[in-house]
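The values are calculated or read from the model by the stated rules, or taken from the named source; none is laboratory data. Computed from a predicted model, the values in this text were never measured in an experiment. Reconstructed Cβ throughout: ideal geometry from the backbone, glycine too, with neighbour counts over all protein chains shown.
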Amino acid sequence: MMADRQAVLDKIDGEWIADLTEEMVRIPSVTMNETEVCAYYERQLGELGLEVDVREVTPGRPNLYSCVRGQGEGPTLMLNGHLDTIPNQTNQSCYRDGDLMFGRGTTDMKGGMAAVLGAVRALQESGTTLAGDLWLTAVVGHEEPEAGKDGPKALIQDINDGRIAADRIIIVEGDDELWVMSMGSMVFTVTLTPSNGGRHTQYVDFRDNPIRFAGDLVAAIAARQDELDSADVHPLAGAERIDLGILHAGDYFNRTPVSCRFTGTRRWSPGKTAAEVLEELGQLVAPIALAGGMTAEVTMDHEREPFETELDDPLVEAVGAAHRELFDEDPRVIGRRIVGDANLYVHGSGVPTIYYGPSNETAHADIENVSITRVVDSARIYALSAMNFCGVQ
């Protein structure tokens, strides 16, 4: 390992990073109530001597942008994450137990956000000057649906408008592996509506009851999943999925329903679009609606197109090389069915994106925790990756 790279690693201060993580976790920051944690993170950026662009998304809820300016002609890397959390439903307290830190937001994702600051601090204290720019961006509005992803969408707008820049983005969450693809995802709703409204069940042959056709649709969805399981599956994320979470029909025990509503999720591989998948759902539903003399409406919400960053992409190679340098082994390369901000960034700004973080196993769990060792190792990976990708002047 080159001496200057070892000097950077030697400056990674694990206890400083752990304390920073704990201080952030002790600040509640449920989506739409991120003001206090944003102010804290802004102060930490300022203490590193960085100018902070406080970009209000809504009053009191800013995205934070800072740039470590490169002194050469290298490419620009962005380290990105969110500062909001889901609600602390179990009133979990923040505390340490050996190597683990417990509390809402430890793994999702204040540990990763502390690691970013630890990496920059080490670069500064080691006297390392990057060739390309390194942007640090923290967003609000990631978790809860009521925000509508307003923070990530504002960041996309700011990339497109030139307020901030990135040739590549690392989102600092997930496990300590290269998460390079996610399937597309949508929440779909199918509504079947009979033409003659609700009627007493004694006057309707059960073969004509809309609920019977609701059963046919469930069976058709199950058959479609069988087809997806036996089709060509993605080598990283596996088979596409179609799932139901809500089925609602009827308003009285002896009256036929005035509508049958199904709500579920559909996840699909790169190569398809949300519009194509929605059309496929419509084709699945149409013959069942016709057989039951009903009209069908198929709608989607929260749709996200899939993304996949190629394995020979310069960022994948840069982070992979950092992982091998630190751990003396190849990183795992993964894809997932779940979606995140990378789906938005890739399609909204055109910037290739991957994830690499300290952990993901307890995200959204009743008892959330993170390994401090893994948080500190992530700081080392971010510093080495920045040197690999941006270059050293």
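Numerical summary
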| item | result |
| --- | --- |
| Total residues in segment 42-62, condition touching a Leu at 6+ places or on another chain (Cβ under 6 Å) and not β-branched (Val, Ile, Thr) | 2 |
| Hits in segment 94-149 (condition: more than 16 Å from VAL375 (Cβ to Cβ) and without any contact (Cβ under 8 Å) to a residue 24 or more places away in the chain) | GLY148 |
| Near pairs, Cβ below 6 angstrom, 6+ apart or cross-chain, from segment 38-66 (in the same structural domain as MET113 (by TED's automatic domain parsing) and over 17 Å from ASP133 (Cβ atoms)) to any residue that is outside any helix (DSSP H, G or I) and among the charged types (D, E, K, R) | ARG61/GLU34; PRO62/ARG55; PRO62/GLU56; ASN63/ARG55 |
| First in segment 342-369 and free of Cβ contacts under 8 Å to residues at least 60 places away in the same chain, second anywhere and of a type in the set (Ser, Thr, Tyr), Cβ under 7 Å, 6 or more apart | VAL346/THR353 |
| Failed criterion for ALA289 (all others in (1) assigned to a helix (DSSP H, G or I); (2) in the same structural domain as VAL30 (by TED's automatic domain parsing); (3) farther than 23 Å from GLY148 by Cα; (4) not β-branched (Val, Ile, Thr) hold) | (2) |
| Test result for LEU136, closer than 23 Å to LYS11 by Cα, in contact with a Leu (Cβ under 6 Å, 6 or more places away or on another chain) and either in a strand (DSSP E or B) or of a type outside the set (D, E, K, R) (or both) | yes |
| Residue within segment 250-270 that is over 19 Å from ARG207 (Cα atoms), in contact with a helix residue (DSSP H, G or I) (Cβ under 9 Å, 6 or more places away or on another chain) and among the aromatic types (Phe, Trp, Tyr) present | yes |
| Members of segment 345-362 that are farther than 11 Å from VAL316 by Cβ and in a loop (DSSP other than H, G, I, E, B) | GLY350, VAL351, GLY357, PRO358, ASN360, GLU361, THR362 |
| Single match in ARG224, ARG267, ARG261 (criterion: basic (Lys, Arg), farther than 24 Å from ILE334 by Cα and assigned to a strand (DSSP E or B)) | ARG261 |
| Qualifying residues in segment 164-186 (those that are of a type in the set (D, E, K, R) and touching a Leu at 6+ places or on another chain (Cβ under 9 Å)) - the one surrounded by the most Cβ atoms within 10 Å (Cβ to Cβ) | ARG168 |
| Those residues of segment 1-22 which are surrounded by 14 or more Cβ atoms within 10 Å (Cβ to Cβ) and either among the small types (Gly, Ala, Ser) or in contact with a Phe, Trp or Tyr (Cβ under 7 Å, 6 or more places away or on another chain) (or both), in sequence order | ALA7, GLY14, ALA18 |
| Matching entry among LEU155, LEU192, LEU117, LEU134 (being under 17 Å from SER349 (Cβ atoms), surrounded by 21 or more Cβ atoms within 10 Å (Cβ to Cβ) and either hydrophobic (A, V, I, L, M, F, W, C) or not assigned by TED's automatic domain parsing to the domain that holds ALA39 (or both)) | LEU155 |
| Residue within segment 292-304 that is modelled with pLDDT of 95 or more and assigned to a helix (DSSP H, G or I) present | no |
